[in-house]
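Each remark here refers to the structure printed beneath this line.
The values are calculated or read from the model by the stated rules, or taken from the named source; none is laboratory data. Quantities reported herein were computed from a predicted structural model and do not represent experimental measurements. Because the Cβ atoms are built from the backbone with ideal geometry, glycine has one as well, and the counts that use them run over all protein chains shown.
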Amino acid sequence: MNRTWWKEAVIYQIYPRSFMDSNGDGIGDIKGITSRLDYLKYLGVDVLWLSPIYRSPNDDNGYDISDYQAIMDEFGTMEDFDEMLSEAHARGLRVVMDLVVNHTSDEHKWFMESRRSKENAYRDYYIWREGKDEKTPPNNWGSCFGGSAWQYDEETAMYYLHLFSKKQPDLNWDNPKVRDEVFNMMAWWCDKGIDGFRMDVISMISKTKEMPDGQVTDFYGDYGPYCIHGPNIHKYLKEMNKRVLSRYDIMTVGETPGVTTELAKQYAGEDAGELNMVFQFEHVDNHGKYGKWDDQKWQLTKLKKILTRWQTELYGKAWNSLFWDNHDQPRAVSRFGDDRQEYREASAKMLATCLHMMQGSPYIYQGEELGMTNYPFRSPDDFRDIESINAYKEWCLSGNVSHEDFWPCITFRSRDNARTPVQWDDSEQAGFTSGTPWIPVNPNYKEINAKAETKDPDSVFHYYKKLIALRKENPIMVYGKYEPLLEDSEELFVYTRTLDNEKLLIVCNFTDQDVAFTMPEEFTGRSCLIANMENDYSKNNITVKPYEAFVLVR
Ligand code: TEU
Ligand code: CA
């Protein structure tokens, strides 16, 4: 297995809108990021991944880009960006950009041209089809944000495809001109000195030409096999690698909905010549009665089975990215841990241990290092996210489900949980802004904030800091082989890591109960690398306390 800097790195995701506001307009910005670089350096992370900062009308908070080579007005200027980049580099921090090229904004000049006429030079940059008739779209595909994936456009009386909102038309990657534009734009950013790309829904850029109806799920058809891992996906990524990626020392991570371990070896195989690693979603995609809208926690054995499969099947062949949450997921401590006051800190540390000790590159989503929790939504008016707003309309206001049934599900899973402002201190608006934030601050900021946690050596923050530092001193955390133990336990997540003569034992209690555990002989009485509470490891039979986590070294 090759040793590389991005395998050894810890990546921190910044959602700029909610990270830090520098000018009191209530919206996080680039100068805000620059002002917090010392905090990130102190935490010890190596790479910052910025969610999109490009010019955008913000239908989907920047995932709808109208100019790839300009900065969103609300976030600042290109000078602010250049300053941030050089300040980050001066501190040894690398910067990875979000690359959103499955679609653009409908306000991108390519699309504004494209929709004008069938003969326009940009027409074929997007995916246009005739409807079945005037009122029926070309097929039954649904958009990820609800409704049909096709929008009728009066100008030329045809439909365009949008797998996300109707303000996010899909680019036509089969057009070589589109690939040229995208690759040139990527090289432009690389020449500026950025350190990599996180590629938004990159598994969806190649579509089946015939576009047959999908299987009917929910209210619309699923585009499933026709838009995910499409016919030319690997051809286009290899081309991208050859023409751009391979020319720079950068890291790449593909966001690849629907990816399996087999496919991951193609996308991110050691010698596949495509990407460095992918985000898989199996461990966060527990679907329930209303699709992704569900209020149930994972059964631990199921969660372990998924993660163990990714750990073992990719070993030596491809590289895992490790995450519990991001800007599309609820807060990890609320979802996988326990955000009740008596367990929040312990369970946040337990989750950190469990993730950072696995093989792959760990991602920390802003605020996760503080143990930030889900937001206590009171009414649908609290939502800012297009996905939550549309889902509430589609499921509830239409009368499909009652508010009482749906409310616990949508509030447990809403993406807005992750998007409330980072809690910097206990002053008004948690120190995020001097104005009114675009989305409310979680009312628990007086107890949970960076100022308090950086001062308290026992905080969640300092636990993350320690885990990150340990990774630098212990190559076994990066390169060791993973093996699961106690696979049938519904309470404990236990595994080992092995590298040469070294071996680690990782034990994590995912419940609020005491659990009896028999220590493997080889670890009895051994020293502890890190733990979130005290225990006596000299005995054979020990009691693992609620949300306890420890790592022993053989
Ligand atoms: O998300 C793509 C994706 O996989 C969606 O299915 C995602 O899970 C979504 O949140 C539905 O629950 C990426 C971005 O991360 C997301 O923020 C964007 O909204 C989306 O692409 C469109 O660009
Ligand atoms: Ca601002």
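For R36, are the conditions met, namely being within 16 Å of ligand 2 (Cβ to nearest atom) and either basic (K, R) or modelled with pLDDT under 95 (or both)? Spell out the reasoning first.
Working: within 16 Å of ligand 2 (Cβ to nearest atom): yes; either basic (K, R) or modelled with pLDDT under 95 (or both): yes.
Spelling it out, R36 is indeed within 16 Å of ligand 2 (Cβ to nearest atom) and either basic (K, R) or modelled with pLDDT under 95 (or both).
If you go through region 12-24 one residue at a time, do you hit one that is aliphatic (A, V, I, L, M) and either more than 16 Å from ligand 2 (Cβ to nearest atom) or more than 21 Å from the chain's Cα centre (by Cα) (or both)? No: zero hits.
Just one residue in the set E453, E522, E548 is surrounded by fewer than 14 Cβ atoms within 10 Å (Cβ to Cβ) and either touching a residue at least 24 places away in the same chain (Cβ under 8 Å) or within 24 Å of V10 (Cα to Cα) (or both); that residue is E522. Within region 1-53, restricting attention to residues that are farther than 24 Å from T353 by Cα and among the polar types (S, T, N, Q), the residue that is surrounded by the most Cβ atoms within 10 Å (Cβ to Cβ) is S18. Taken over region 323-346, the criterion of being outside any loop (DSSP other than H, G, I, E, B) and either within 19 Å of Y12 (Cβ to Cβ) or touching a Pro at 6+ places or on another chain (Cβ under 8 Å) (or both) is satisfied by A332, V333, A346. Restricting attention to region 171-205, the residues being aliphatic (A, V, I, L, M), in contact with a helix residue (DSSP H, G or I) (Cβ under 7 Å, 6 or more places away or on another chain) and outside any loop (DSSP other than H, G, I, E, B) number 3.
If a residue has to be in a helix (DSSP H, G or I) and either in contact with a His (Cβ under 9 Å, 6 or more places away or on another chain) or of a type in the set (K, R) (or both) to count, how many in region 234-269 make the cut?
Filtering region 234-269 for residues in a helix (DSSP H, G or I) gives 234-243, 245-247, 261-268.
Remaining after also requiring either in contact with a His (Cβ under 9 Å, 6 or more places away or on another chain) or of a type in the set (K, R) (or both): 235, 238, 242-243, 247, 263, 265-267.
Final tally of qualifying residues: 9.
Here I53 does not fit the description of being among the β-branched types (V, I, T), touching a residue at least 12 places away in the same chain (Cβ under 8 Å), over 30 Å from H462 (Cβ atoms) and within 16 Å of ligand 1 (Cβ to nearest atom). Of the strands (runs of 3 or more DSSP E) lying entirely inside region 450-554, the ones with 3 or more residues being within 24 Å of R309 (Cα to Cα) are found at 481-485, 492-499, 502-509, 549-553.
Residue-wise test of (1) under 25 Å from T256 (Cα atoms); (2) in a loop (DSSP other than H, G, I, E, B).
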residue	(1), (2)
D82	no, no
D98	yes, no
S105	yes, yes
M112	no, no
E119	no, yes
F145	yes, yes
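Criterion first (in contact with a Ser or Thr (Cβ under 8 Å, 6 or more places away or on another chain), at pLDDT below 95, outside any strand (DSSP E or B) and over 14 Å from M199 (Cβ atoms)) does P225 satisfy it? It is true that P225 is in contact with a Ser or Thr (Cβ under 8 Å, 6 or more places away or on another chain), at pLDDT below 95, outside any strand (DSSP E or B) and over 14 Å from M199 (Cβ atoms).
Specify the residue that is farthest from S347 (Cα to Cα); the eligible residues are those in region 508-529 that are aromatic (F, W, Y) and under 34 Å from the mean Cα position of the chain (by Cα). Can you show your working first?
Step one: filter region 508-529 for residues aromatic (F, W, Y), giving 510, 517, 523.
Then keep just the ones that are under 34 Å from the mean Cα position of the chain (by Cα); that gives 510, 517.
Numbers: F510: 8, F517: 18 Å.
Only one residue fits best here, namely F517.
Can you spot a residue in region 208-217 that is over 30 Å from L48 (Cα atoms) and either within 16 Å of ligand 2 (Cβ to nearest atom) or surrounded by 16 or more Cβ atoms within 10 Å (Cβ to Cβ) (or both)? Let's see the steps before the verdict.
Filtering region 208-217 down to residues over 30 Å from L48 (Cα atoms) leaves 208-217.
Filter once more, so that each one left must be either within 16 Å of ligand 2 (Cβ to nearest atom) or surrounded by 16 or more Cβ atoms within 10 Å (Cβ to Cβ) (or both): 211, 214.
The answer is yes; a qualifying residue exists.
In region 362-376, the residue that is surrounded by the fewest Cβ atoms within 10 Å (Cβ to Cβ) out of those that are touching a helix residue (DSSP H, G or I) at 6+ places or on another chain (Cβ under 8 Å) and in a strand (DSSP E or B) is Y365. Being touching a strand residue (DSSP E or B) at 6+ places or on another chain (Cβ under 9 Å), within 16 Å of ligand 1 (Cβ to nearest atom) and among the acidic types (D, E), is that true of even one residue in region 8-26? Looking for residues that are touching a strand residue (DSSP E or B) at 6+ places or on another chain (Cβ under 9 Å), within 16 Å of ligand 1 (Cβ to nearest atom) and among the acidic types (D, E), one finds none in region 8-26, hence no. Within region 20-68, the set of residues being over 30 Å from R179 (Cβ atoms) and of a type in the set (S, T, N, Q) comprises S22, N23, T34, S35. Counting the residues of region 416-449 that are crowded, with 20+ Cβ neighbours inside 10 Å and charged (D, E, K, R) gives 2. Is it the case, given these coordinates, that P231 is under 19 Å from the mean Cα position of the chain (by Cα) and either part of a loop (DSSP other than H, G, I, E, B) or closer than 30 Å to K192 by Cβ (or both)? Answer is no for this residue.
For region 51-59, does any single residue satisfy the condition of being more than 16 Å from M97 (Cβ to Cβ), more than 16 Å from ligand 2 (Cβ to nearest atom) and either in contact with a Pro (Cβ under 8 Å, 6 or more places away or on another chain) or not hydroxyl-bearing (S, T, Y) (or both)? There is at least one residue in region 51-59 that is more than 16 Å from M97 (Cβ to Cβ), more than 16 Å from ligand 2 (Cβ to nearest atom) and either in contact with a Pro (Cβ under 8 Å, 6 or more places away or on another chain) or not hydroxyl-bearing (S, T, Y) (or both). The residues on offer are T208, T217, T156, and the sole one that is away from ligand 1 (no atom under 13 Å from the Cβ) and not assigned by TED's automatic domain parsing to the domain that holds H327 is T156.
How many residues are within 11 Å of ligand 1 (Cβ to nearest atom) and either closer than 17 Å to A418 by Cα or crowded, with 21+ Cβ neighbours inside 10 Å (or both) when one looks only at region 57-79?
Of the residues in that region, 6 qualify.
Close contacts from region 272-284, counting a first residue that is on the phi > 0 side of the Ramachandran plot and a second that is small (G, A, S), with Cβ to Cβ under 9 Å and a gap of 6+ residues or different chains, come to G273/S246.
Being assigned to a loop (DSSP other than H, G, I, E, B) and under 18 Å from R129 (Cα atoms) is the filter here; which residues of region 206-221 pass it?
Initially, region 206-221 is screened for residues assigned to a loop (DSSP other than H, G, I, E, B), giving 206-215, 218-219.
Within region 206-221, S206, K207, T208, K209, E210, M211, P212, D213, G214 qualify.
In region 322-344, the residues that are touching a residue at least 12 places away in the same chain (Cβ under 8 Å) reach residues that are within 16 Å of ligand 2 (Cβ to nearest atom) with C-beta atoms within less than 7 angstrom, at least six apart or across chains, in these pairs: H327/Y15; H327/S51; H327/R419.
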